[in-house]
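Here's the structure we're looking at; comments come further down.
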Amino acid sequence: MVEKKGNQFIIGDWPFYVNGFNTYWLMIFAVDPSTRAKVTDVFQQASSAGLTVCRTWAFNDGGWRALQKSPSSYDEQVFQGLDFVINEAKKYKIRLILSLVNNWEAYGGKSQYVRWGKQAGLNLTSEDDFFSDPIIKGYYKAHVKNILTRVNTYNNVTYKDDPTIFAWELMNEPRCLADPSGDILQAWIEEMAYHVKFIDRKHLLGIGVEGFYGSSTQERLLTNPNTYASKVGTDFIRNHLALGIDFASAHIYPDSWLSSTVSDSYLQFVESWMEAHIEDAEKVLGMPIVFGEFGISSKDLKFNLTFRDEFIDRVYKTMLNSTRKGGSGGGSLIWQLFPEGTDYMDDGYAVVLSKSPKTCDIVSLQSWRLQNFNSRCSWRCHWGCRKRGHQDVFDYNGEL
């Protein structure tokens, strides 16, 4: 299992810094034999670029190819698709962060849970009732239990015992607009973190928040990309102080968060956003942080591949500035990796490494640097070895 020791991820006695990726649709593609090979393609490409962690969905609530057709009623064929994803990831030595529900409507999300509640006769007025209604919370808890106690049909390993799974994630980008104070979401995080840990004490647990600062840290509000960010019911520091949460999460989307045109201001924001969260993870929370999504959309008229590469490079370099000091920067996951032939699924953020050699070089070089550091430095040395001949790992101008 990947574990946490202080502000570091470790495997055994060795650090585990992450260069990873998102591909959310793996389970759905694994269901159909005609598309299942694309799952293998993604893992092959990722492995060849040295990527070690994939974040993907362990949910699809209601609708087409639903995993959960109704509360606690599952499509076995779809569940076997998730079994395949986990088993296939293991073949390529890739670990998984499995997110358990969506804040957004895609793949069902909290709104589907509320619809189920209304169909059952509950008096619900908002999709944010997901976070407070006891019946709806019971639906979610049951889903968590069903996922964590699932026995994989490919390898006969129970999910909660499988080291292929890096961590569980409570929700993809939770927000509770109904309560800007953050009290409702905070109570939900605390309750669900306890529930997950009661079932599975072995795996790490993250929340999945975007990283917006809230009222608990007034001095950090100006770090947010806009004033709206502090009103969505999340609070980076307060949320991650919940008992049972093992690592912090934040996302990076300057193209959708900032109103300015693409320029150096985007890159400046990326650096300051990451540095603030890494510092707080280290000095306040005492835990590693994973930047679980970062990307720029090609559908933005201001987009170009050169700038995307500069953006990715800035994320990686900021991460390395933490790594070289043994800081809390635990890793980053690009949104999102696609194989060839899946363009129709592209939300604008797809990165096809085989079609983007420069991007592939940047990603591979970051992987090499982190793997080099991981393999050389035992946790016991407390990173003293950074003073002894490691400049080659962090030479930003070096070529792969």
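Taking the conditions exactly as written (farther than 20 Å from residue 253 by Cα and crowded, with 19+ Cβ neighbours inside 10 Å), does residue 333 satisfy them or not?
no
Where the second residue is surrounded by fewer than 17 Cβ atoms within 10 Å (Cβ to Cβ) and the first is free of Cβ contacts under 8 Å to residues at least 40 places away in the same chain and lies in segment 243-258, which pairs have Cβ atoms under 8 Å and are six or more apart or on separate chains?
257/226; 258/226; 258/265
Where the second residue is outside any loop (DSSP other than H, G, I, E, B) and of a type in the set (Phe, Trp, Tyr) and the first is closer than 21 Å to residue 272 by Cα and lies in segment 226-242, which pairs have Cβ atoms under 8 Å and are six or more apart or on separate chains?
The qualifying pairs are 226/257; 229/257.
Can you tell me which residue is most open to solvent (accessible area, probe 1.4 Å) among those in segment 257-274 that are at pLDDT 90 or above and not hydrophobic (A, V, I, L, M, F, W, C)?
268
How many residues, within segment 77-128, are open to solvent by 60 Å² or more (accessible area, probe 1.4 Å) and touching a strand residue (DSSP E or B) at 6+ places or on another chain (Cβ under 8 Å)?
1
Would you confirm whether or not segment 374-395 contains a residue that is in a helix (DSSP H, G or I) and at pLDDT 75 or above?
Among the residues of segment 374-395, at least one is in a helix (DSSP H, G or I) and at pLDDT 75 or above, which makes the answer yes.
Might you check whether a residue that is over 27 Å from residue 243 (Cβ atoms) and either of a type outside the set (S, T, N, Q) or open to solvent by 20 Å² or more (accessible area, probe 1.4 Å) (or both) occurs anywhere in segment 164-173?
No, the conditions are met nowhere in segment 164-173.
In contact with a Phe, Trp or Tyr (Cβ under 7 Å, 6 or more places away or on another chain) and closer than 23 Å to residue 17 by Cβ: does that describe residue 286?
no
What number of residues in segment 131-150 are surrounded by 15 or more Cβ atoms within 10 Å (Cβ to Cβ) and without any contact (Cβ under 8 Å) to a residue 40 or more places away in the chain?
Here the count works out to 3.
Identify, by number, the condition in (1) out of contact with any Ser or Thr (no Cβ under 9 Å at 6 or more places or on another chain); (2) modelled with pLDDT under 95; (3) crowded, with 21+ Cβ neighbours inside 10 Å that residue 308 doesn't meet.
That leaves (1) as the condition not met.
Counting only residues that are under 13 Å from residue 78 (Cα atoms) and assigned to a loop (DSSP other than H, G, I, E, B), which one in segment 48-65 is modelled with the lowest pLDDT?
The extreme case among them is 63.
Please enumerate the residues belonging to segment 26-53 that are touching a Lys or Arg at 6+ places or on another chain (Cβ under 9 Å), open to solvent by less than 10 Å² (accessible area, probe 1.4 Å) and within 30 Å of residue 319 (Cα to Cα).
Within segment 26-53, 26, 27, 43, 53 meet the criteria.
Within segment 1-47, count every residue that is touching a Leu at 6+ places or on another chain (Cβ under 7 Å), β-branched (Val, Ile, Thr) and outside any helix (DSSP H, G or I).
2
Is it the case that some residue within segment 183-194 is closer than 16 Å to residue 99 by Cα and open to solvent by 10 Å² or more (accessible area, probe 1.4 Å)?
no
Go through 293, 271, 279, 275 for me and flag whichever is among the charged types (D, E, K, R) and in contact (Cβ under 8 Å) with a residue 60 or more places away in the chain.
293
Filter segment 275-302 down to residues that are open to solvent by 30 Å² or more (accessible area, probe 1.4 Å), closer than 26 Å to residue 327 by Cα and outside any helix (DSSP H, G or I), then give me how many there are.
1
For segment 4-25, which residues satisfy the criterion of being open to solvent by 20 Å² or more (accessible area, probe 1.4 Å) and either more than 18 Å from residue 245 (Cα to Cα) or of a type in the set (A, V, I, L, M, F, W, C) (or both)?
11, 12, 13, 14, 16, 24
Among the strands (runs of 3 or more DSSP E) contained in segment 146-255, which hold 2 or more residues that are under 29 Å from residue 72 (Cβ atoms)?
In segment 146-255, 165-169, 204-206 are the strands (runs of 3 or more DSSP E) which contain 2 or more residues that are under 29 Å from residue 72 (Cβ atoms).
Tally up the residues in segment 303-332 that are outside any helix (DSSP H, G or I) and more than 17 Å from residue 273 (Cα to Cα), please.
Residues that pass the stated criteria total 5.
The values are calculated or read from the model by the stated rules, or taken from the named source; none is laboratory data. Values in this document were obtained by computation on a predicted structure and should not be read as measured data. Neighbour counts run over all protein chains shown; Cβ positions are idealised from the backbone, glycine included. Note: areas computed on protein heavy atoms with side chains; ligands, DNA, RNA excluded. Shrake-Rupley method; radii C 1.70, N 1.55, O 1.52, S 1.80 Å.
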